[in-house]
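The structure appears right after this line, and notes come after that.
The values are calculated or read from the model by the stated rules, or taken from the named source; none is laboratory data. If you're wondering where the values come from, they're calculated on a predicted model, not measured in any experiment. FYI the Cβ positions are ideal-geometry reconstructions off the backbone, even for glycines, and counts take in every protein chain you see. Surface accessibility is based on the protein's heavy atoms, side chains included, excluding ligands, DNA and RNA. Shrake-Rupley method; radii C 1.70, N 1.55, O 1.52, S 1.80 Å.
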Amino acid sequence: MTLDFYFDFSSPYGYLMAEMIEEVAQRHHATVVWRPFLLGAVYQKTGDKPLPSHPLKGPYMQRDFARSARFYGIPFRLPDPFPVSTHLAARAFYVLNDGSSETAKRWAIAVFRAYFRDGRNIADAETLTAIARELGLDADALGSAMQSPAEKARLRAECDAAIARGVFGSPMVWIGAEPFWGVDRLPQIERWLAEGPF
């Protein structure tokens with residue numbers, strides 16, 4: 001069974017899901033396909049805006065980010081600035097994924113942790129190449145590739161495909177034709193994997 005895991009690198013809930021989804025999938029002999037996209041592309045389509053900028057809802061969500069991290073036992077601190085543009089990180093992921101999905105996943109976790117644990121600005125190309133270097137990757141090649149017109153076009157295509165599928169938030173996990181939105185749906189995902197549709 002395959003899970004399609006859609007996320008934006010600036011999503012706290014995406015970060016929490018990224019820390020847990022592989023372990024859940026492995027327990028049920030499932031494979032996770034990681035698919036970064038840009039929430040900004042969704043907002044252009046829907047006219048929505050980032051959660052922290054919503055009146056009333058914004059302060060609640062910031063409280064919930066931290067509470068949810070404590071609930072799951074995952075280190076977290078709200079970075080500043082937040083949110084940030086993640087197009088470079090998403091492009092870099094797809095470049096790495098061409099060579100090895102496991103390397104790309106390792107990169108993704110490192111980027112999430114750099115932002116939501118260490119407060120590093122993952123919108124900055126130098127930060128991203130530094131993370132690549134820390135992982136023993138070819139940072140110079142990755143830095144060049146994530147700026148290329150081909151990778152810009154590929155990420156646009158990935159975002160268009162995600163939106164066409166119905167992706168509107170981060171994280172979203174699809175099991176076949178069934179979508180699950182939010183890290184709080186992880187128990188439902190696990191039951192679906194264990195017992196089938198309900």
Quick one: which residue in Ala92, Ala108 is over 19 Å from Glu22 (Cβ atoms), crowded, with 19+ Cβ neighbours inside 10 Å and touching a residue at least 40 places away in the same chain (Cβ under 8 Å)? Ala92
Hits in the stretch 1-25 - residues which are of a type outside the set (Val, Ile, Thr), assigned to a helix (DSSP H, G or I), surrounded by fewer than 24 Cβ atoms within 10 Å (Cβ to Cβ) and touching a residue at least 60 places away in the same chain (Cβ under 8 Å): Tyr13, Glu19, Met20, Glu22, Ala25
What is the residue count in the stretch 89-146 for residues that are of a type in the set (Lys, Arg) and under 16 Å from Phe37 (Cα atoms)? 2
Selection count where residues are among the aromatic types (Phe, Trp, Tyr), surrounded by 14 or more Cβ atoms within 10 Å (Cβ to Cβ) and not in a loop (DSSP other than H, G, I, E, B), scope the stretch 26-71: 2
So, of the residues in the stretch 137-154 that are part of a helix (DSSP H, G or I) and touching a residue at least 12 places away in the same chain (Cβ under 8 Å), which turns out to be surrounded by the most Cβ atoms within 10 Å (Cβ to Cβ)? Leu142
Output for the stretch 155-183, where each listed residue is part of a helix (DSSP H, G or I) and open to solvent by less than 60 Å² (accessible area, probe 1.4 Å): Leu155, Ala157, Glu158, Cys159, Ala161, Ala162, Ile163, Val183
Just to be sure I understand the filter: pairs with C-beta atoms under 6 Å, separated by 6 or more residues or on different chains, first member in the stretch 77-89 and in contact (Cβ under 8 Å) with a residue 12 or more places away in the chain and at positive phi, second member acidic (Asp, Glu) and open to solvent by less than 40 Å² (accessible area, probe 1.4 Å). Which pairs pass? none
Before we move on, is Ser170 under 18 Å from Phe5 (Cα atoms) and among the hydroxyl-bearing types (Ser, Thr, Tyr)? yes
